[in-house]
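All remarks here apply to the structure that follows.
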Amino acid sequence: MKSASAELITLLNAQQFVMADCFTLTLVGGFVARYTGADVPLTIGGNVYLANDIIIGRSRTRIILGIEVDTLDLTISASPAHLLNGAPWLTAARQGALDGASVRLERAFMTEWGTAPVGSVVLFSGRIAGIELGRFTLKVSVKSELELLNIKMPRNLYQPGC
């Protein structure tokens with residue numbers, strides 16, 4: 001179930017709003033990068049999401065009942081001028097900077113462009129599972145945290161021989 005503040009519920013019921021996707025990327029070392037698909041930077045909970053930096057395209061998200069590993073596919077377009085933790089984006093990805101990183105996708109809701117977001121809803125959260133590098137683009141596969149449950153239990157199985 002998704003939770004929202006009373007102000008956000010009021011805005012959604014009014015059906016007069018604009019929205020933008022906000023991505024939070026947390027690397028294993030603790031570095032956090034935040035980006036938005038909006039034309040202007042957004043501030044949510046004291047965190048600034050950069051606009052007009054890298055371009056992130058994404059697949060659809062879905063909400064289902066039950067336990068199932070969900071996947072989000074991202075396409076990141078970056079030029080050599082765009083940096084991730086001090087290195088060009090694609091170079092950092094080639095060197096393994098995204099290995100084990102986590103991604104969170106939020107949707108921010110505003111009354112109009114240029115105003116502060118009234119609230120946001122987390123649409124997806126997961127860890128990077130795979131990367132395909134291109135010349136100027138990066139295709140990233142993100143799997144939900146439920147993937148961590150896909151392990152053989154018990155780890156060591158002892159049984160008598162045949």
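The values are calculated or read from the model by the stated rules, or taken from the named source; none is laboratory data. Model, not experiment: these values are computed from the prediction. Counting neighbours? That spans all protein chains shown, and the Cβs are built from the backbone with ideal geometry, glycine included. Heads up: the accessible areas ignore ligands, DNA and RNA and are worked out on the full protein's heavy atoms, side chains in. Shrake-Rupley method; radii C 1.70, N 1.55, O 1.52, S 1.80 Å.
Structure data summary
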quantity	calculated
Within the stretch 110-157, chymotrypsin sites (Phe, Trp or Tyr not before Pro) in DSSP loop having at most 14 other beta-carbon neighbours inside 10 Å	Trp113, Phe136
Residues of the stretch 16-48 with amide N under 14 Å of a point placed 7 Å along Cα→Cβ from Glu112	16-18
For the chain: rounded, prolate or oblate by the Cα gyration tensor [a/c cutoff 1.5]	oblate
Among Thr115, Thr137, Thr71: highest mean-square fluctuation, GNM of the chain, C-alpha pairs under 10 Å	Thr115
Fraction of beta bridges assigned by DSSP in the chain that are antiparallel (%, nearest 5)	100
Heavy-atom accessible surface of the chain: percent carbon and sulfur, 1.4 Å	54
Surface accessible to a 1.4 Å probe, per residue, for the residues of the chain, Å²	64
In the stretch 35-114, the trypsin sites (Lys or Arg not before Pro) that fall in loop regions by DSSP, at most 12 other Cβ within 10 Å	Arg60, Arg62
